[in-house]
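As structure tokens, the structure follows; a few thoughts come after it.
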Amino acid sequence: MGVFDRFRRSPADTAYDEPEDIPTQPTGYQQTASRLHAFNRYEIKYLLDEAKVPALRDELAGHMDSDPYSPHGGYPVTSLYYDTPDLRFYWEKIEGLRFRRKLRMRLYGNASECTDATAVQVEIKQRVNRVTQKRRLAMPYGAARRWLDHREPVAHAPAERPFVEEVTTLVGNLDLRPIVTTGYLREAFVGRDADLGLRVTIDHKVHGRDRDFGFASGAQNRFIIPPHLAIVEIKANERVPYWVTDLTARSDMSVVRISKYCQSVQAFGLAPRSRYGAPELADHEPVAVLP
């Protein structure tokens with residue numbers, strides 16, 4: 001059966017188009033991603049010593065608001081990345097292809113509390129020249145794992161069919177499978193007034209693992225970024241405000257070419273370390289951390 005044959009249905013099979021079992025009203029920080037969502041933006045990443053984060057946080061608070069759906073102190077994010085047996089998506093990133101993409105499943109919330117009914121995001125993230133594009137669909141965790149891991153059809157609304165078929169084609173044609181997870185605690189700030197398209201995130205304690213991929217498995221994770229470093233990411237729809245570039249200069253922040261997925265792949269020895277990326281991570285070995 002071809003990957004699209006799963007979506008050629010008789011009238012008796014139209015139940016697949018009725019997504020009653022998929023939550024459409026996420027709560028809390030899950031509201032940062034709607035059920036079917038797509039956007040384009042520029043993303044710039046930095047590494048920052050945790051000792052300098054309080055000063056950065058104070059500066060950001062003078063120009064931005066905390067994400068209204070983010071609890072005090074941030075929220076946990078866990079992602080499961082899919083790739084080919086020969087790590088095609090990883091090498092496309094390392095080689096800096098102008099067009100590249102990757103598939104991941106993302107959970108906003110405590111991984112230990114994840115059940116088959118918990119809402120997750122299935123997301124395609126792709127890069128076209130300097131612009132990052134994301135398309136994602138919310139669904140229950142159990143349905144997402146059956147779809148991506150076992151190739152089972154997934155319930156979806158008619159408007160969601162193009163995305164569902166694209167993911168199904170990727171998974172089937174490229175034989176995608178889980179490769180690594182990443183996790184971290186994220187603080188998020190959103191722009192106000194003239195900077196409404198601006199978003200700044202600070203990711204702490206970035207860790208991951210290369211096995212036992214169930215979000216609630218309780219398996220041990222390891223730091224894939226030294227725990228004294230945070231990843232700061234500036235995301236803008238069109239332009240980065242002058243005050244932001246001035247802030248990064250005063251904070252002695254240098255742009256880094258870093259991917260949490262690639263860092264996790266390298267940290268667990270799934271591929272040779274790249275000579276590109278952040279020199280601060282060149283000699284970093286993953287250190288055990290509690291799950």
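Every read-out reported here was derived from the displayed coordinates using simple, explicitly stated rules and does not represent laboratory data. This one's a predicted model, so the numbers in the text were calculated from it and none came from an experiment. A quick note on method: Cβ atoms are made from the backbone with ideal geometry, for glycine too, and the neighbour counts reach across all protein chains shown.
Some observations on this one:
- Long-range HN-HN contacts of Phe215 with modeled amide H, under 5 Å: none
- Backbone HN-Hα couplings from phi across the range 210-216 [Karplus 6.51/-1.76/1.60, Hz, Gly and Pro as x]: 10, 7, 6, 7, x, 4, 9
- Stretchable slack from Ala249 to His150, in nm (0.36 nm times residue separation minus alpha-carbon distance): 30.9 nm
- Magnitude of the charge dipole, the range 43-82, Cβ model with Lys/Arg +1 and Asp/Glu -1, debye to 20: 100
- Gain on full stretching of the segment that runs from His72 to Gln133 - 0.36 nm per residue minus C-alpha separation: 19.1 nm
- Cα-based Rg and Dmax for the range 154-238, where Dmax is the largest Cα-Cα distance (Å): 17.7, 46
- For the residue pairs Lys52/Lys134; Lys52/Lys125; Lys52/Lys102; Lys102/Lys235; Lys93/Lys134; Lys93/Lys260, the alpha carbons lie more than 21 Å apart in Lys52/Lys134; Lys52/Lys125; Lys52/Lys102.
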